[in-house]
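Please see the structure below; I have some questions.
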Amino acid sequence: MVPNGPPGPAGMGELLAPEPDSIGDLLARGDPHVWRSLLAEHVADHTGHCRSCQLQVHPCRLRGVAEQAELAYTNQRRQQ
């Protein structure tokens with residue numbers, strides 16, 4: 001993720017659109033089911049860790065990539 005401004009509760013600032021050809025941007029160009037599945041699966045458990053990754057503190061890197069893809073997808077749709 002590309003932070004902008006002071007870190008939030010998860011240690012990340014406001015999300016900016018992903019860099020062109022980043023993984024998030026590439027996911028946004030493909031089937032939305034992929035990044036939507038990542039968003040659904042990579043959520044915090046009761047300990048604050050990613051439910052799918054288990055050892056990673058939430059949000060994990062895959063969650064961050066999926067969030068970038070969602071943002072890029074939304075931006076692409078607005079430009080159409």
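Read phi for every residue in region 20-28 and hand back ³J(HN,Hα) as whole Hz from Karplus 6.51 cos²θ - 1.76 cosθ + 1.60, θ = phi - 60°, with x for Gly and Pro.
x, 6, 6, 4, x, 5, 5, 4, 5
What relative contact order, as a whole-number percentage, does region 27-80 give when Cα pairs under 8 Å and 6 or more residues apart are counted? Could the numbers behind the result be given before it?
On the way: 59 pairs, mean separation 18.1, N = 54.
The value is 34 percent.
Taking H as built 1.01 Å from N, whose amide H comes closer than 5 Å to the amide H of His49, not counting residues under 5 places away?
When sequence neighbours closer than 5 places are left aside, the close amide H contacts are His58.
Mind listing the phi-derived Karplus ³J(HN,Hα) values for region 35-47, rounded to whole Hz, using 6.51, -1.76 and 1.60 with θ = phi - 60°, and x for any glycine or proline?
Taking θ as phi minus 60°, the curve returns 6, 5, 5, 4, 5, 6, 8, 9, 10, 6, 8, 5, 9 Hz for region 35-47.
Be a star and scan region 59-80 for residues whose amide nitrogen sits under 18 Å from the point 7 Å along the Cα-to-Cβ vector of Val34.
61-77
Provide the per residue accessible area, probe 1.4 Å, for region 24-80, rounded to a whole number of square angstrom.
On the way: 3710 Å² over 57 residues.
That works out to 65 Å² for each residue.
The values are calculated or read from the model by the stated rules, or taken from the named source; none is laboratory data. On a predicted model such as this, the values are computed, not experimentally measured, just so you know. Cβ: placed from backbone, ideal geometry, glycine included. Neighbour counts: every protein chain shown. Ligands, DNA and RNA are stripped out before the accessible areas are found, and what is left, the full protein with its side chains, is counted by its heavy atoms. Shrake-Rupley method; radii C 1.70, N 1.55, O 1.52, S 1.80 Å.
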